[in-house]
Amino acid sequence: MKKIAFLTSGGDAPGMNAVIRSVVRSCAYHNIIPVGIYNGFDGLIKGDFIEMNARSVKGILNKGGTILKTARSEEFRTKDGRKKAYENVKKQDIDGLIVIGGDGTFTGGLVFHNEFKIPIIGIPVTIDNDIFGTSHTIGYDTALNTVVEVIDKIRDTASSHNRLFFIEVMGRDAGHIALNTGIGAGAEEILIPEEDLGLERLIESLKRSKATGKSSSIVVVAEGDKSGKSVFELKDYVEEHLPGYEARVSVLGHLQRGGSPSCFDRVLASRMGVKAVDSLLENKTNLMVGLSDGLIKLTPLDKAIKGNTNINKELLRVSDIMSI
Ligand code: F6P
């Protein structure tokens, strides 16, 4: 292997730059030329490449976002697009490709490998933590800390005004952020995509809270929660069925994807980048690096894409007990 290329694709997450730094420095360590690709798979199609060296990634470890930019490429979904991408890979003498992102990114990488046999390794980066084969995706820990900090602030104003707050957090398909930040910030109820807790139960729980002397409450709602109601509809529903509560909504949105990565995410990104380069050097392909029982391990990319990351039911029980 003489040249390894890498791209960031899909939704960004804190720690993407730390991954880029790790991949670049691992390449430099092994005397391999690191080649960054701008704008995800779109950059692969357009030949938007940059040769890097150990110094190109100075000062980015603590920065959110991705210096390579990220995109969701429609053209890469077409055979023509992928053919153009392969021509660039050949022209640049790229020997292996590291794809940094979530399951959509891995799917793109796998299709590309199946057609053109270029070795591919995936690194899981998404705040949603919804990738099979790793207990933590890069960016997830930072997002949890960001959300908890914001909910703490909302609680200050909620309790000053005796209000009920519905706080929407990210997670179109996965409730990991909602469940963990809900417990971490002491929410009374947590609504997630994986479990239908029922609106009756929500009303009962809020009634009970009020009856036992709580003057304000926080309900954390994942974007894609199973009730099918938006956070605004939930607020209206509760105001209608539980008069006496003054309710407000706060949608945290994309602030959850930004900011400086936590120490945990920086270390994880550094470890995964090293393992990804090592794996290509060992002629491995179609694998994702992941964290399992504290160790960096490899999972077949197709399993990482298809596998489910189940919600930890113990956390549901803990949340129930804590909100008594
Ligand atoms: O990064 C994953 C995610 O945060 C989802 O939870 C969310 O639904 C989605 O990205 C939104 O991303 P975008 O606004 O970039 O389409």
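Derivation of every value follows stated rules applied to the coordinates shown; laboratory data play no part. Fair warning: this is a prediction, and the values are worked out from it, not measured in the lab. Here the Cβ is made from the backbone with ideal geometry for all residues, glycine too, and neighbour counts use every protein chain on show.
In the elastic network of the chain, a GNM with C-alpha springs shorter than 10 Å, the most mobile of Asp236, Asp42, Asp278 is Asp236. Rounded, prolate or oblate: which fits the stretch 68-118, taking a ≥ b ≥ c as square roots of the Cα gyration tensor eigenvalues, rounded meaning a/c under 1.5, else prolate when a/b beats b/c? Rounded. Close lysine pairs were tallied over the stretch 131-271: pairs 8 or more places apart or on different chains with Cα atoms under 19 Å apart number 5.
Ordering Phe166, Thr285, Gly96 by the projection of their Cα atoms onto the charge dipole of the chain, which places +1 on the Cβ of Lys and Arg and -1 on the Cβ of Asp and Glu, puts Gly96 at the extreme positive end. Sorting Glu75, Glu168, Glu204 by the number of Cβ atoms found within 10 Å of their own Cβ, with the fewest placed first, yields Glu204, Glu75, Glu168. Taking Cβ atoms as reference points and 14 Å as the exclusive limit, the residues near Lys63 contribute a net charge of +3, counting Lys and Arg as +1 and Asp and Glu as -1.
Exposure proxy shown here: for Tyr140, Tyr29, the number of other Cβ atoms within 10 Å sets the order, fewest to most, as Tyr29, Tyr140.
Filter the cross-link list Lys84/Lys275; Lys3/Lys46; Lys63/Lys284; Lys63/Lys83 down to pairs whose alpha-carbon distance in this structure exceeds 23 Å. Going by Cα-Cα distance, Lys84/Lys275; Lys63/Lys284; Lys63/Lys83 fall outside the 23 Å limit. Quick check: the angle from helix 199-211's long axis to the longest principal axis of the chain, C-alpha only, nearest 10 degrees? The helix 199-211 is inclined about 60 degrees to the chain. What residue among Ile138, Ile203, Ile123 has the largest mean-square fluctuation in a Gaussian network model of the chain, using Cα springs under 10 Å? Sorting by GNM fluctuation, first place goes to Ile203. Between the helical axis of 103-116 and the longest alpha-carbon principal axis of the chain there is an angle of about 20 degrees.
Near Val89, once Lys and Arg are set to +1 and Asp and Glu to -1 for all other residues with Cβ below 12 Å from its Cβ, the sum equals +3.
Using the rule -39500 (n - 2.57) for each DSSP H run of four or more residues, divided by the residues of the chain, the 222 nm mean residue ellipticity is -13500 deg cm²/dmol.
Summing Lys and Arg as +1 and Asp and Glu as -1 over all other residues whose Cβ lies under 10 Å from the Cβ of Leu242 gives a net charge of -1.
Beta bridges per DSSP, both residues in the chain: antiparallel share near 20 percent. Between the stretch 149-185 and the stretch 1-60, the alpha-carbon centres lie 35 Å apart. For the pair the stretch 216-255 and the stretch 288-324, the centres of their Cα atoms are 26 angstrom apart. Note on Arg271, Arg21, Arg77: ascending count of other Cβ atoms within 10 Å places them as Arg77, Arg271, Arg21, the fewest first.
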